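Presented below is the structure to which this report refers.
The numbers here are math on the coordinates, done by the rules we state, and not lab data. Just so it is clear, the model here is predicted, and its values are computed rather than measured. Virtual Cβ from ideal backbone geometry, glycine too; neighbours counted across all protein chains shown.
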């Protein structure tokens, strides 16, 4: 039934074309605080396909497997800092174009992170939910 409705919509004069139905954009969240992860899910889960890594080891696995459109990166992480992780992945041609939003309690770290990736965007924790959503939409 759904396929029939979809085919009918594609064939109608509604402006739909084959290929117009798109997958959700993927966002990799690299964050070790569960409360913050829950906030990201609350804000972003309906519009984006969220992948969550609580450390950089898991983040590497998810980057390789899922090829996200954007990475939200905490800077203070267990075992390896977010900025060291960013420097490592941006050193690879594979991730040069990955968009990165750094979110940290350290304040605006854009200047420091721009030495690693000139296109990185940074916002402070705690963040305003509307500002976070707008920043992500602007980056996509």
The exposure ranking of 55, 128, fewest beta-carbon neighbours within 10 Å first, is 128, 55
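Among 97, 60, what is the fewest-to-most ranking by other Cβ atoms within 10 Å?
Exposure proxy ranking, most exposed first: 97, 60.
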Contact order relative to length for the range 81-140, counting C-alpha pairs under 8 Å separated by 6 or more residues, stands in percent at 31 percent
Here the gain from full extension of residue 87 to residue 124, 0.36 nm per residue of separation minus their alpha-carbon distance, amounts to 11.3 nm
If the chain between residue 79 and residue 42 were fully extended at 0.36 nm per residue, the gain over the current Cα-Cα distance would be 10.6 nm
Checked the range 22-139 with the C-alpha gyration tensor, a ≥ b ≥ c its square-rooted eigenvalues, rounded below a/c of 1.5, otherwise prolate if a/b is larger than b/c and oblate if not; verdict rounded
With the 8 Å Cα cutoff and a minimum separation of six or more residues, the range 22-139 has a relative contact order in percent of 22 percent
Assertion target for 71, 139, ordered by fewest C-beta neighbours within 10 angstrom first, is 139, 71
